[in-house]
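The block underneath contains the structure these notes are about, expressed in structure tokens.
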Amino acid sequence: MSIEQKRAARRYTLGLLFAAGVLAAGAPTIAAAQAKPEAQTLRIGYQKYGTLTLLKGRGTLEQRLATKNITVKWTEFPAGPQLLEGLNVGSVDFGTVGEAPPIFAQAAGANLVYVGNEPPSPASEAIVVQKDSKIRSLAELKGKKVALNKGSNVHYLLVKALEKAGIGYKEIDIVFLPPADARAAFERGSVDAWAIWDPFLAAAEKQLGARVLADGKGLVANHQFYLAARPYAEKNQEVVRIVLEEIARVDEWGARNPKEVATILSAQTGLDTEVVALAASRYAYGVKPITADVLQQQQKLADAFSNLKLIPKPIVVKDAQLPAKQLAAQ
């Protein structure tokens, strides 16, 4: 073998040794990269109401999900129908709304699933009138203008209140407005009554002296529901389960610490502490799995809205239930 051939062979051998060293040094890094969970974002829709707002303020969900390389993005919505529209078009993955919004969303073809609910909270919504209004009973709403957010929880409250008073749904003048616009109309006297939920209800009572004509007691259950986009819930069962666990923990904490709850909610919503304290006093803490009984109650809402032609077609609410085994511990 010539000198040049020997040198070439030596260079080749050294090259192999160098490459092997690089691969060996890089092996732990590659393995670590493979072991690290892929970065994800959980997009949550929330309102100025309920446990999700409290959970956002506490920050415990972010801490829990950070260990799985998941960040949380919060988006505020003025009401449930708008939130579920966001969920339907793919801008949020998870959120909380009242009783009626899921009915309207499901009837419109939204691919959502119920994953949990809070206990009934009927006093957290009401039909209010101005403090000096001459209207003293539900029966006196006949022929009057009533503002509400279409498809929200108070939509069903109004239906049941009119039914109790013996007034036909079409015998009043319903003005569909989101909360901020409805409050403005209520303040200037453009409407005679306003069907609204907390904390907007509490704000109307505390700041405007609004008088409660009737709340949900004896009329509606007023559950708060947790919903997710079906594709997200089916693909991310563990994440959904973790969110529900953190909601349960903040529920338990909130029930024991009303003053701290008011402080956090005031900071999160920008509302006075006395307003959110009143709203929080009407909360019903204790997230639960969806049951057949709760879905049957929801079916009554769906049937009522269908009979009034408020939704485009009849629906079967249980079609929007995620099988319980899919949220069971893995």
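The values are calculated or read from the model by the stated rules, or taken from the named source; none is laboratory data. Since this is a predicted model, take the numbers as computed values, not measurements. Don't worry about glycine lacking a Cβ; one is built from the backbone with ideal geometry, like all the others, and counts go over all protein chains shown.
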Residue that is within 19 Å of residue 272 (Cβ to Cβ) and small (Gly, Ala, Ser), where the choices are 210, 195, 147, 165: 210
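May I ask you to verify whether residue 156 is more than 13 Å from the chain's Cα centre (by Cα) and either of a type outside the set (A, V, I, L, M, F, W, C) or at pLDDT below 95 (or both)? Spell out how you get there, then give the answer.
Working: more than 13 Å from the chain's Cα centre (by Cα): yes; either of a type outside the set (A, V, I, L, M, F, W, C) or at pLDDT below 95 (or both): yes.
Yes; evaluated as a whole, the condition is true for this residue.
Go through segment 277-295 and report how many residues are assigned to a helix (DSSP H, G or I), more than 18 Å from the chain's Cα centre (by Cα) and within 15 Å of residue 49 (Cβ to Cβ).
2
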Helices (runs of 4 or more DSSP H) enclosed by segment 183-272 - at least 2 residues per element that are in contact with a helix residue (DSSP H, G or I) (Cβ under 7 Å, 6 or more places away or on another chain), touching a residue at least 60 places away in the same chain (Cβ under 8 Å) and hydrophobic (A, V, I, L, M, F, W, C): 200-208, 237-256, 258-269
Any hit, segment 16-25, residues being modelled with pLDDT of 50 or more and not acidic (Asp, Glu): no
Test: residue in segment 122-144 that is touching a residue at least 24 places away in the same chain (Cβ under 8 Å), assigned to a loop (DSSP other than H, G, I, E, B) and surrounded by 24 or more Cβ atoms within 10 Å (Cβ to Cβ): no
